[in-house]
Amino acid sequence: MSGDVWYMLRSAERYLYHYTRSSTLTKFILPDQKLRLSPFQNLNDPREAKSFQISGGAWGDDLHIGILDNFAAHLKQHWRVACFSSDPTEAVFGGNDLLGASQLEAMHERGHSRPRMWAQYAENHSGACLVLDKRALSSAFESLGARLDLKVFSGPISYQNTPIAPKLTIGPFMAHMDEVRRYGVEEAAKRHSLHFWQGLFLTKNTDWSAEREFRWLLYGKHHGDVFVDLAHCIKGVLVGPSFPEHLLAKTQQLAAQTGLELARMDWKNGIPQIRLMFQSPSGKWIAA
């Protein structure tokens, strides 16, 4: 196991992080080594959960206002998303000769050590955080897309507030109605979403910027749930300080079976304290 999973990060592009509930971790993710993608409209940002409000360029008497509502309803169809947190460059370890206060302070910026993320996405510190190899995860998503014939997109979130005064040019929230005339509403919406996918699906309000989110998006018609294979992606599992004791033994067993590094998060005056958990020769788990 690489020593930079928890400390002394060597590259900000090496890992991604996914916070989850304790029950989801022990019932699904660790036993199945898979992560379910969410339909895009199930996300919690109002910009994403609510229907997009679309304006129309090249309007004409042959079209009626209800077409825009229909167009907007189709934009999010067939899009699925998986969300992760990332490391900032400030957290990269530059070597012992550069170790100083700024490097130590960067511990607060690691993707697995964000108290608000623990509170919001990991059951108020009773869930867990997965440490995932970014390159392996990219390969897993590409394989998934190829297997299910889905288009694969990815990238970091751009944090910017939507302008109060709408732009009057064709863009994410301005559809060209000639496209609707030419292709029909559903096909025009599909083309629009595939062209403006970054503005529609990789943009959030600045209030979310501390999350440093990275996403994979899959587009295409597929019935049923979609899961990405994490078998070669998980590098560590960090359980929260309030992780349920009755689920800890199962988590330890699953980590041992799959050879995953297991640790427990703690906080000392607000400073993240990661305690590695080892299995003794007798089989008992010990926190360092």
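Taken together, the values in this text are just the output of simple stated rules run on the coordinates, not laboratory data. No experiment lies behind these values; they were computed from the predicted model shown. Here the Cβ is made from the backbone with ideal geometry for all residues, glycine too, and neighbour counts use every protein chain on show.
Remarks
- Amide hydrogen proximity for K235: with H placed 1.01 Å from N in the peptide plane, the residues at 5 or more positions away or on another chain lying under 5 Å are V131, L132, D133.
- The stretch 124-190: C-alpha gyration tensor shape, a/c 1.5 cut-off, then a/b vs b/c: oblate
- Whole-Hz Karplus values for the stretch 15-20 come out as 10, 10, 9, 10, 8, 8 Hz, taken residue by residue from phi with 6.51 cos²θ - 1.76 cosθ + 1.60 and θ = phi - 60°; glycine and proline positions read x.
- Helix 245-258 vs. the chain, principal-axis angle (Cα, 0 to 90°, nearest 10): 90 degrees
- Mean residue ellipticity, 222 nm, helices only, the chain: the sum of -39500 (n - 2.57) across DSSP H runs of n ≥ 4, divided by residue count and rounded to 500, is -7500 deg cm²/dmol.
- Highest to lowest packing among 132-143, 219-230, scored as the average C-beta count within 10 Å: 132-143, 219-230
- DSSP bridge orientation in the chain - percent antiparallel, rounded to nearest 5: 80 percent
- Between 0 and 90 degrees, the angle of helix 66-75 with respect to the longest Cα principal axis of the chain falls at about 30 degrees.
- Within a Gaussian network of the chain (alpha carbon springs, distance under 10 Å), most fluctuating of D207, D87, D149: D207
- Mean separation of Cα contacts under 8 Å, 6 or more apart, over the residue count of the chain: relative contact order %: 28 percent
- Residue-wise HN-Hα coupling along the stretch 221-229, computed from phi with Karplus coefficients 6.51, -1.76, 1.60 (Hz; x: Gly, Pro): 7, 8, 8, x, 5, 10, 10, 9, 7
- Partners for K76 among lysines (Cα-Cα distance below 16 Å; same-chain residues under 8 apart left out): K50, K151, K190, K204, K221
- Rounded tilt (10° steps) of 185-195 against the dominant C-alpha axis of the chain: 50 degrees
- Estimated FRET transfer efficiency (E245, N205; beta-carbon r; R0 51 Å; 0.05): 0.85
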